[in-house]
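Down below is the structure, laid out as structure tokens.
The values are calculated or read from the model by the stated rules, or taken from the named source; none is laboratory data. Keep in mind the model is a prediction, meaning the values are calculated, not measured. FYI the Cβ positions are ideal-geometry reconstructions off the backbone, even for glycines, and counts take in every protein chain you see.
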Amino acid sequence: MSDQRQQANDMNRQVIEDLRANSGLVPHAVGGFFNDKPVLILHHTGAKTGQERLNPLVYATDGDSYLVAGSRAGDPAIRTGSSTWAPTRT
């Protein structure tokens, strides 16, 4: 695992711990990007590994709908088009 990916995983774990410990709020010292933004914890299962994963994501509302976006913590593979990630709409 790359250093960048490990740092993102560590930050995600800290943000999730802080969300749970502070009634859904992320303290300024830890939150950084997440400060003053609505955050959800997305629970999902790895397609290949079957491993449960948790990721904090910022969301917005649009009427009765929710808009959620993820960037894999700015993974360079996404910017170069070499990632297997694809947008999904449900």
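Structure data summary
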| item | result |
| --- | --- |
| Contacts under 7 angstrom Cβ, first residue in region 1-16 being surrounded by 12 or more Cβ atoms within 10 Å (Cβ to Cβ), partner at pLDDT 80 or above and not in a helix (DSSP H, G or I), 6 or more apart | Asn12/Asn55; Asn12/Pro56; Val15/Pro56; Ile16/Ile41; Ile16/Leu54; Ile16/Pro56 |
| Evaluation of Thr45 against (1) out of contact with any His (no Cβ under 6 Å at 6 or more places or on another chain); (2) modelled with pLDDT under 80 (one fails), failing number | (2) |
| Cross-chain or 6+ apart pairs with Cβ under 9 Å, region 27-44 first and within 14 Å of Ala60 (Cα to Cα) and assigned to a loop (DSSP other than H, G, I, E, B), then among the charged types (D, E, K, R) and at pLDDT below 75 | none |
